[in-house]
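> Take a look at this one; I'll ask things after.
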Amino acid sequence: MIIAALCWSVGYCLLMLSNRESRVALGPRIATYNCNGLGDAQKRKSVLTWLKAKPEEVIFVQETHSTQSSEALWRKDWGGEIYFNHGTSNSTGVAVLVKRNSSIKITSHKSICQGRAILIEAEWDDINYCLVNVYAPNNDDANFMQTVFMETLGRARDDYVIMAGDWNTVLDNTLDKMGGSPAHANRKTQDIINNIISDYGMSDVFRLTHDNERIFTHFNKKCN
């Protein structure tokens, strides 16, 4: 059972199936994208226009650099619903973009860590979803990762949990990275995520759809 999820940039999508596994063959289309700062008005309008042309109806974005004072400008450029967890005007920030006339109904939302994670409760085709957009720190912050999972997992009212974003680590050092050190620097967060996947029966949607292919969503320009 796979819920459609795509990734255009750094990140991956985790899916946890729950008590309606046999009822849904395909859920809402969801994508995740690290936009690397949209404080500049021209860049924001250009990126949001590009995202509106994508087929996914719900899009997680990270590194928004949004603030409360810029919310109206974001909503004007997007044209649909937006749920923010602001960072500052020059760092962090996450948001969930829902396209106008989307069939998914957002019932509630909450911030988990400022500028780093947001949890959305949603309904689609009479099924309850917990959607979590994550922008993990790049300093191997195990406390952050544990907080995100504590807020998300074990919620009895959710039929499906979908977590996606920029996690600043990889799940498999052999498949998911090339070059550099054989081990990923953010080892603690890597171990936490892999343990959660195992303990809670979650799936990496990218691997479900690409098996053992070596496909990369981020390249370090400093490396050859």
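The values are calculated or read from the model by the stated rules, or taken from the named source; none is laboratory data. It should be emphasised that the depicted structure is a prediction, and the values quoted were computed from it without experimental measurement. Neighbour counts are summed over all protein chains in view; Cβ atoms, including those assigned to glycine, are modelled from backbone coordinates with ideal geometry. Surface areas here come from the heavy atoms of the whole protein model, side chains and all, with no ligands, DNA or RNA. Shrake-Rupley method; radii C 1.70, N 1.55, O 1.52, S 1.80 Å.
> Share of the range 52-127's accessible area from carbon and sulfur, percent, 1.4 Å?
Values: 1500 of 3470 Å².
Accessible surface attributable to carbon and sulfur in the range 52-127 totals 43 percent.
> Write down the radius of gyration of the range 60-100 and its Dmax, each obtained from C-alpha positions, in Å.
So, for the range 60-100, Rg and Dmax equal 9.3, 28 Å respectively.
> Convex hull over the alpha-carbon atoms of the range 26-70: what's its volume per residue in Å³?
Values: hull volume 3.3 nm³, N = 45.
So the per-residue Cα hull volume is 73 Å³.
> How much net charge surrounds Asn90 when only other residues with a Cβ under 12 Å from its Cβ are counted (Lys, Arg +1; Asp, Glu -1)?
-2
> While we're on this one: Report the semi-axes of the equivalent ellipsoid for the range 61-145 in whole Å, largest first, where each axis is √(5λ) for an eigenvalue λ of the Cα gyration tensor.
Equivalent ellipsoid of the range 61-145: 22, 18, 8 Å, largest first.
> Once the other residues with Cβ under 12 Å from the Cβ of Gly165 are scored (Lys, Arg +1; Asp, Glu -1), what is the net sum?
Result for the local shell: -1.
> Something else about it: Report for the range 98-212 the percent antiparallel among DSSP-assigned beta bridges with both residues inside it, nearest 5. Intermediate results must be reported in sequence, preceding the final value.
Numbers: 15 of 22 bridges.
DSSP beta bridges in the range 98-212 are roughly 70 percent antiparallel.
> For the peptides 158-164, 82-88, 206-212, what is the packing order when you average, over each peptide's residues, the other Cβ atoms within 10 Å and list the highest mean first?
Packing order, densest peptide first, comes out as 158-164, 82-88, 206-212.
> Could you give the dipole magnitude of the range 76-160 about its Cα centre, charging the beta-carbon of Lys and Arg +1 and that of Asp and Glu -1, in debye to the nearest 20?
280 debye
> Taking the alpha-carbon centroid of each part, what is the distance from the range 123-179 to the range 47-62 in angstrom?
19 Å
> Can you give me the Rg/Rh ratio for the range 124-205, using Cα atoms for both radii and the Kirkwood formula for Rh?
1.00
> Hey, another quick one. Determine, from the Cβ-Cβ distance of Asp125 and Met150 and an R0 of 25 Å, the FRET efficiency 1/(1 + (r/R0)^6), rounded to the nearest 0.05.
For R0 = 25 Å, the calculated efficiency reads 0.30.
> Under a 1.4 angstrom probe, counting protein chains only, how are Lys52, Lys99 ranked by accessible area, largest first? Walk me through the numbers on the way to the answer.
Details: Lys52 90, Lys99 40 Å².
Greatest to least solvent exposure: Lys52, Lys99.
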